[in-house]
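**Q** Submitted below is the structure of interest, expressed as structure tokens.
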Amino acid sequence: MQKPSIPRGTRDFGPLQMAKRNYIFNTIREVYEQYGFAQLETPTMENLSVLTGKYGDEGDQLLFKVLNSGDFLSKTQAQDYSAGSKTMLTKISEKGLRYDLTVPFARYVVMHRNEISFPFKRYQIQPVWRADRPQRGRYREFYQCDADVVGTNSLLCEAEIIAMINEVFNGLKLSDFTIKLNNRKILVGITEVIGAEGKEADFCVAIDKLDKIGLDKVNEELIQRGFSQESIKLLKPVFEFEGTINDKLAFLKDYFSASETGLQGVKETEEILSHLQSYELEDNHLELDLTLARGLSYYTGTIFEVKANGVQIGSITGGGRYDNLTGVFGLKDISGVGISFGVDRIYDVLEELDLYPESTATQVQVMIVNFGEEMMNKGIALLQGLRKEGIRAEMYPDTAKMKKQMSYANNLNIPFVVLIGEDEIATGNYTLKNMIDGEQAAYKINDLISKIKNSR
RNA sequence: GUGAUUGUAGUUCAGUUGGUUAGAACGCCUGGUUGUGGUCCAGGAGGUCGCCGGUUCGAGUCCGGUCUUUCACCCCA
């Protein structure tokens, strides 16, 4: 007999975990819908041509490929094998598991462009797969909760997203978090000012690590990536500047006197902040982090990331504006901005901070003890009567020993148990036992119902 | 993908330089209580020591491979 197992980086979710996960999903879903996003689902599998090349060379490696059905070798020849994995792959696989929700969304928009009225707001809650090495907070199968708006340049969308982030985490009772904000145009501006135009990608990869490895190591890496000593000197004030968001923006306006793009980034950020004031948030948790870079290549404007403070885990939410995501699929000039909540990481954060409400589980309120065939009919009638009153009820399916049935109710935290035996049928009153304080008494059906209802 | 690391009952973990029959707690089952759970008492079941191979008179313990866990790099939610 073999021992069963599940693939590395995947997990089962038991009833307790699902209750907590649904609590998170529901919170996010409600906020999305309140802000006018409609739900979309796309297939688990996409054609490989849709996925490859969208996430860089690294990303292509992390794609799960699906082997062609049937005799997948029938269309191959010996020379394909010797030509290497890449050539071989195209012959034996034409589908892959989705890597994120943004690219399938872009594909959807392009395919349905004529049915969609823009601006198009959609949310999507589905699992994605990455053939990564698993670590804490990093799985090979995990859920993303995306919301995107495409077909508008309005910076109101950015403000809306920031408001949604606040609403979701307030809803989840997570108070200590930071929304780190930046703008790709500001990053481009910096590379222009320090005389490293066009090296934006290298720049982003290096500075994104600042809080992790420190300034000296970042400078080392920049030099390794071909930045001059002069550039690093010019960069220094950006890292060293401290102050409020407005202070930073004022500083940047001065710093970007020679960079049109940089100034544009500052202007956009100012506009978002100005919109945001009208939302009258108590605390918007915003921080302008000039070292926030986010590797994803398709971002062009605002970028943001949410960190849970005091928990050793990566970002729990991320997103940004992209100007040309649909371009690769032949639809130009569609700008969009999106956000993605990482449920699996949020789960770990709430777990570590012990922030779940007392009962996330929707548990059964009352169990009817099974006393045998003759009593079952009375039991079923009561069962349905309780359910009609909106009470979650079940009857123990077997005529097992009382001890066994009571233990079951106890282990499942069922607060009430009803006993219908010979005594009860003779008097017409049913015995209701409160499993929390252990008290029990006989009631007429109506009193029994109100007793259970009033206990909440 | 690179370099480390982990794996012993359902769960959390002990297990000495390689040496007889691999232990504990909790959980589970049975009984004390034929209509009463959560406390208590008595008893019981449950392990191919991740898997495959090697060294050895002898391997949970040493070696190799493989899978899994965790960590760093890379990247990311």
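The values are calculated or read from the model by the stated rules, or taken from the named source; none is laboratory data. Given the structure is predicted, the values throughout are model-derived calculations rather than measurements. Every residue, glycine among them, receives a Cβ derived from its backbone with ideal geometry; neighbour counts consider all protein chains shown. Areas reflect the complete protein model, heavy atoms only, side chains present, ligands, DNA and RNA absent. Shrake-Rupley method; radii C 1.70, N 1.55, O 1.52, S 1.80 Å.
**Q** May I ask you to list the lysines whose Cα is less than 29 Å away from that of A:Lys401, ignoring any residue fewer than eight positions away on the same chain?
**A** Within reach: A:Lys378, A:Lys388, A:Lys433, A:Lys444, A:Lys451, A:Lys453.
**Q** Take the range A:131-179, compute every pairwise Cα distance, and split them into 5 Å bins from 0; I just need the percent in each bin.
**A** 5, 14, 17, 16, 18, 16, 11, 3
**Q** Taking only Cα atoms, what is the 0 to 90° angle, nearest 10, from helix A:373-388's long axis to the longest principal axis of chain A?
**A** 50 degrees
**Q** Could you give the distance between the Cα centres of the range A:39-62 and the range A:396-417, to the whole Å?
**A** 49 Å
**Q** Given H placed on each backbone N at 1.01 Å, which residues far from A:Ile368 in sequence or on other chains put an amide H within less than 5 Å of it?
**A** So A:Ile368 has HN proximity to A:Glu394, A:Met395, A:Tyr396, A:Val418.
**Q** Let me ask something else. Using θ = phi - 60° and the Karplus relation 6.51 cos²θ - 1.76 cosθ + 1.60, list the HN-Hα couplings for the range A:135-144 in order, rounded to whole Hz, with x at every Gly or Pro.
**A** Along the range A:135-144, the couplings run 8, 4, x, 9, 10, 8, 10, 8, 8, 10 Hz.
**Q** For chain A, what does -39500 (n - 2.57) per DSSP helix run (n ≥ 4), summed and divided by total residues, give at 222 nm, in deg cm²/dmol to the nearest 500?
**A** On the way: 19 runs with 195 residues, N = 456.
Helix contribution divided over all residues of chain A: -12500 deg cm²/dmol.
**Q** What lysines could a cross-link reach from A:Lys20, if we take a straight Cα to Cα line under 21 Å and drop same-chain neighbours fewer than 8 places away?
**A** Leaving aside lysines fewer than 8 places away in the same chain, those within reach of A:Lys20 are A:Lys173, A:Lys307.
**Q** When the Debye formula is applied to the Cα atoms of chain A, each taken as the same point scatterer, what base-10 log of I(q)/I(0) results at q = 0.10, 0.13 Å⁻¹?
**A** Log10 of I(q)/I(0), two decimals: -0.87, -1.19.
**Q** Shifting gears a bit: Taking 0.36 nm per residue of separation and subtracting the Cα-Cα distance, what length does fully extending A:Thr90 through A:Ser5 add?
**A** Values: separation 85, 0.36 × 85 = 30.60 nm, distance 3.01 nm.
My answer for the length gained is 27.6 nm.
**Q** So if a site counts as exposed when it's one of the GluC sites (Glu not before Pro), its DSSP state isn't H, G, I, E or B, and it has at most 10 other Cβ atoms within 10 Å, what's the longest stretch of chain A without one? Don't skip to the end; give the middle numbers.
**A** Details: sites that count: A:Glu115, A:Glu242, A:Glu280, A:Glu282, A:Glu358, A:Glu439.
The reported range is A:116-241.
**Q** Using the basic label-point model (7 angstrom from Cα toward the beta carbon), what is the A:Asn309 to A:Glu240 distance in nanometres?
**A** Each label point is offset 7 Å from its Cα along the Cβ direction, giving 2.6 nm.
**Q** Distance in nm between label sites at A:Phe72 and A:Leu215, each 7 Å beyond Cα in the beta-carbon direction?
**A** 5.2 nm
**Q** Which three extents, in angstrom, do the Cα atoms of the range A:362-454 have along their principal axes, listed largest first?
**A** 31, 28, 24
**Q** Also, quick follow-up: Residues with beta-carbon under 11 Å from that of A:Ile420, excluding A:Ile420: net charge, scoring Lys, Arg +1 and Asp, Glu -1? If you can, show how the numbers build up before the last one.
**A** On the way: positive: A:Lys378; negative: A:Glu374, A:Glu422, A:Asp423, A:Glu424.
Spelling it out: positives minus negatives among the neighbours equals -3.
**Q** Still on this model: How many Å² of accessible area per residue for the range A:362-454, probe 1.4 Å?
**A** On the way: 5470 Å² over 93 residues.
Dividing the accessible area of the range A:362-454 by its residue count gives 59 Å².
**Q** May I ask you to list the lysines whose Cα is less than 30 Å away from that of A:Lys86, ignoring any residue fewer than eight positions away on the same chain?
**A** A:Lys54, A:Lys65, A:Lys75, A:Lys95, A:Lys199, A:Lys332
**Q** Wrap a convex hull around the Cα atoms of the range A:401-456, take a quarter of its surface area, and give that in square nanometres. Don't jump to the answer; show the numbers that get you there.
**A** Values: hull surface 15.9 nm².
The number I arrive at for the range A:401-456 is 4.0 nm².
**Q** I'd like the Karplus ³J(HN,Hα) series for the range A:61-73: coefficients 6.51, -1.76, 1.60, θ = phi - 60°, whole numbers in Hz, and an x wherever there's a Gly or Pro.
**A** Once rounded to whole Hz, the list reads 5, 8, 6, 7, 9, 9, 5, 4, 6, x, 7, 5, 8.
**Q** With θ set to phi - 60°, apply the Karplus curve 6.51 cos²θ - 1.76 cosθ + 1.60 along the range A:306-314 and write out the HN-Hα couplings as whole Hz, x wherever there is a Gly or Pro.
**A** Each residue of the range A:306-314 in turn: 10, 10, 8, 6, x, 10, 7, 7, x Hz.
**Q** Once you list every other residue whose beta carbon is under 15 Å from the beta carbon of A:Glu282, what net charge do they have if Lys and Arg are +1 and Asp and Glu are -1? Write out the running numbers ahead of the final one.
**A** Details: positive: A:Lys173; negative: A:Glu167, A:Asp176, A:Glu280, A:Asp283.
Result for the neighbourhood of A:Glu282: -3.
**Q** Using amide H atoms built in the peptide plane, which far-off residues or other-chain residues are under 5 Å from A:Gln144 H to H?
**A** Correct list: A:Gln126, A:Val128.
**Q** Report the extension gain between A:His112 and A:Val205 in nm, rounded to one decimal, defined as 0.36 nm multiplied by the number of residues separating them, less their alpha carbon distance. Write down the numbers at each step before the final one.
**A** Details: separation 93, 0.36 × 93 = 33.48 nm, distance 3.49 nm.
Going from the current span to full extension adds 30.0 nm.
**Q** Using alpha carbons only, how many degrees (0 to 90, rounded to 10) separate the axis of helix A:245-255 from the longest principal axis of chain A?
**A** Helix A:245-255 sits roughly 20 degrees off the main axis of chain A.
**Q** On to the next question. By the scheme Lys and Arg +1, Asp and Glu -1, what is the net charge of all other residues having a beta-carbon under 13 Å from that of A:Thr102? Present the calculation step by step, with values, prior to reporting the outcome.
**A** Details: positive: A:Lys54, A:Arg98, A:Arg107, A:Arg122, A:Arg294, A:Arg321; negative: A:Glu46, A:Asp100, A:Asp146, A:Asp148.
Combined, the nearby Lys, Arg, Asp and Glu give +2.
**Q** Would you please give the residues with an amide H less than 5 Å from that of A:Ser335, counting only those at least 5 places away or on a separate chain, with H modeled from the backbone geometry?
**A** Correct list: A:Gly151, A:Thr152.
**Q** Treating the angle as unsigned and between 0 and 90°, give the value, to the nearest 10°, between the Cα long axis of helix A:260-277 and the longest Cα principal axis of chain A.
**A** 30 degrees
**Q** Give the accessible surface of the range A:88-139 per residue, rounded to a whole number of Å², with probe radius 1.4 Å and ligands, DNA and RNA excluded.
**A** Working: 2400 Å² over 52 residues.
Spelled out: the 1.4 Å probe surface of the range A:88-139, per residue, equals 46 Å².
**Q** Calculate what fraction, in whole %, of the accessible area of chain A sits on carbon and sulfur atoms when a 1.4 Å probe is rolled over the protein chains.
**A** It is 48 percent, rounded to a whole number.
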